[in-house]
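Computed from the coordinates by the stated procedures, all read-outs in this text should not be read as laboratory data. Computed from a prediction, not measured in an experiment: that's the story for all the values here. All Cβ positions, even for glycine, are placed from backbone atoms using ideal geometry, and neighbour counts span all protein chains on display.
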Amino acid sequence: LLAFVLGSVLTAGVTKPLNRIIYISRKFAQGDFKHRIYHESHDEIGQLALTLNAMAQEIETKIGEIEIQNQQLRTIFQSMVEGIIVVDRRQTVVTCNASVERMFHILLSEAQGKLFLEVFRNSDIADIIMEVIRERRFVSRELSLVWPVQKTLQVNASPVYERGTVGACLLVIHDITEIRKL
């Protein structure tokens, strides 16, 4: 009976901190790094708690840095004069910037997730996208755009690699209408 009581007390002293570590670890797995594991002892469980807390702090710091970099890149992306379109290998529009919205009179919210030709209705640019994805190389062409307004465009397209294969195509579009008129 004494051994049972002593065993129960010792087991509770080990399982309670482990259950707390499991609970907080699940919070970390869900992306909530605000929690910390408090365990006063310097045994293996205490070392585990310190290590998990340090890991959570490091991940939280890295996520903050990545969010700042993403915001900076979004700002650059949206403020560029050149039109930028990203299309995946199935020719689905991933994103575009404000210059493209003005150039083609479309909205990103309407274009995102749709096939390129559904939104932009320009087979010349669609052919460039196919060439980049198929040939896995940079392509640059000057095109005349008739719709929605008549324009001359310089289209530069590059493959975007994901794990060694072409996962997307990046289009940079310069409106060179005024230069050609001059």
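Mean sequence separation of contacting Cα pairs (under 8 Å, at least six apart), scaled by the length of segment 1-68, corresponds to a relative contact order of 24 percent. Full extension of the segment from Leu107 to Glu67, taken as 0.36 nm per residue of separation minus the current Cα-Cα distance, would add 11.9 nm. Computed over neighbours whose Cβ is under 9 Å from that of Ala157, the net charge equals 0, Lys and Arg +1, Asp and Glu -1. Placing a label point 7 Å from the Cα of Lys16 along the Cα-to-Cβ line, the residues of segment 22-54 whose backbone N sits under 14 Å from it are 38-41. Among the trypsin sites (Lys or Arg not before Pro) found in segment 36-102, those both in a DSSP coil and sparsely packed, with 10 or fewer other Cβ atoms within 10 Å of their Cβ, are Arg90. When the chain is treated as a GNM with alpha-carbon contacts under 10 Å, the residue of Asn19, Asn70, Asn122 showing the greatest mean-square fluctuation is Asn19. Here the dipole of segment 67-182 is about 160 debye; that uses its Cα centre as origin and unit charges on the Cβ of Lys and Arg (positive) and Asp and Glu (negative). For helix 2-29, what angle does its Cα long axis make with the longest principal axis of the chain, in degrees from 0 to 90 and rounded to 10? The angle comes out at about 10 degrees. The trypsin sites (Lys or Arg not before Pro) of segment 116-182 that meet both conditions, a loop assignment by DSSP and at most 16 other Cβ atoms within 10 Å of the site Cβ, are Arg121, Arg136, Arg137, Arg163. Of all lysines in the structure, the ones whose alpha carbon falls short of 30 Å from that of Lys151, not counting any fewer than 8 places away in one chain, are Lys114, Lys181. Compared with the dominant Cα axis of the chain, that is its longest principal axis, helix 44-79 is turned about 20°. Among the chymotrypsin sites (Phe, Trp or Tyr not before Pro) in segment 1-92, those placed in a DSSP loop whose Cβ has at most 15 other Cβ atoms within 10 Å are Tyr38. Simple point charges give the picture: +1 on the Cβ of Lys and Arg, -1 on the Cβ of Asp and Glu, and for segment 1-160 a dipole about the Cα centre of about 260 debye.
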